[in-house]
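Only one structure is covered here, and it is reproduced in the block below.
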Amino acid sequence: MASLSERAKLYLESFYSGPKIESFDPIELKEIQKNAPIPEQNILPHIHRREERLIKVNDGAEIRLCIYSLEGEGPFPALVYYHGGGWVIGSVEMFEAANRLVATEAKTVVISVDYRLAPENQFPIPMNDCYTALEWVANHAEELNVDLTKVSVGGDSAGGNLSTVIAKRALNNGPSIQSQVLIYPVTNLEFNTNSYNEFAEGYGLDRDLMKWFGFHYVGDEKMYSHPDVSPLKYDTVQGLPPTIIIAAENDVLKDEGIAYAEKLRRDGVPVQYEVISGAVHGYYSNMDFFEEETKESVQHIVKFLNNVHQGGEKAVNK
């Protein structure tokens, strides 16, 4: 039985007040969003320095990184963050408040990656962009005042999907990843779990919208079972770093997050799993609606990262 907070009810009323996202052509939708004013973020934590960098990726294109740096001697831990938006929409600006909070409270340099989006850039281009960004951070650790032994990856929704895929690639090819932070991650494009059935419509991420995202990201439905699209399909995740998974209570993606946590545990990966009560998908990028839920998530992330940075796993395994 769904249990929605009053804030979630207000958010959903606003979210569903206009045309459904999936009714748009995705390229036209991005143009509309690009030209629309960015919603005012009333709660914007102070950060020592915010800078943007353009880096070249493997096909010669450029992507943007937004770097939230800290004051002090360092070197500091780092979190390479991949934003959500179904691989089709979204931007680093949507996560400005949350990334500033994590940076300041976890004493961690956050590098937010503006990877290229589908359908103009379908799988595996966003994944490759994200991996290149991680490599760039590793290669520029000294310049960024980052401790190369304490680099984590993280993301929400589609960004959580990209994060754990990048962690898997880094396990095989480097650079070394200390931990991963996954907020309601996409781990399986089958759309048929109990949470998909319970929250199929009216909770911010409808089943039809998730199918729309998956189609535009991958194109060929036969590729949905590819493990780099659906990480639950990996034969093994043994060797992946300690992981925190944070779920929204009312979200189609909740059950696949649980399934991924169980897969990690079975393969010996320390996992911390948390649920944000009363929340719906998308709360982490909407802090003006969900200040309390975002701050609760950030506190979980901060405690997790501090524990990992100190070399502890005991508190992670729960």
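Descriptive notes on the structure:
- Some residue of segment 17-39 being over 22 Å from M127 (Cβ atoms), touching a Phe, Trp or Tyr at 6+ places or on another chain (Cβ under 6 Å) and among the acidic types (D, E): yes
- Complete set of residues in segment 270-298 that are touching a Gly at 6+ places or on another chain (Cβ under 8 Å) and not in a helix (DSSP H, G or I): Y273, V280, H281, G282
- Here V102 meets each of (1) assigned to a loop (DSSP other than H, G, I, E, B); (2) over 21 Å from E28 (Cα atoms) with one exception, condition (1).
- Residues within segment 225-254 that are in contact with a strand residue (DSSP E or B) (Cβ under 9 Å, 6 or more places away or on another chain) and part of a helix (DSSP H, G or I), tallied: 1
- All of (1) in contact with a Pro (Cβ under 9 Å, 6 or more places away or on another chain); (2) closer than 29 Å to K9 by Cβ hold for K263 with one exception: (2).
- Test result for G239, surrounded by fewer than 19 Cβ atoms within 10 Å (Cβ to Cβ) and modelled with pLDDT under 95: no
- Residues in segment 139-154 that are in contact with a helix residue (DSSP H, G or I) (Cβ under 9 Å, 6 or more places away or on another chain) and either at positive phi or of a type in the set (A, V, I, L, M, F, W, C) (or both): L144, V146, L148, V151, V153.
- L264 falls short on exactly one of the conditions (1) surrounded by 20 or more Cβ atoms within 10 Å (Cβ to Cβ); (2) in contact with a helix residue (DSSP H, G or I) (Cβ under 8 Å, 6 or more places away or on another chain), and that condition is (2).
- So I258, is it crowded, with 23+ Cβ neighbours inside 10 Å and at pLDDT 95 or above: no
- Within the set V113, V137, the sole residue that is more than 23 Å from I32 (Cα to Cα) and either in contact (Cβ under 8 Å) with a residue 24 or more places away in the chain or part of a loop (DSSP other than H, G, I, E, B) (or both) turns out to be V137.
- Condition check for F199: touching a strand residue (DSSP E or B) at 6+ places or on another chain (Cβ under 9 Å) and aromatic (F, W, Y): yes
- Flag if I301 is outside any helix (DSSP H, G or I) and surrounded by 24 or more Cβ atoms within 10 Å (Cβ to Cβ): no
The values are calculated or read from the model by the stated rules, or taken from the named source; none is laboratory data. This is a predicted model, so every value here is computed, not measured. Cβ sites come from the backbone with ideal geometry, for glycine too, and all protein chains shown count toward neighbours.
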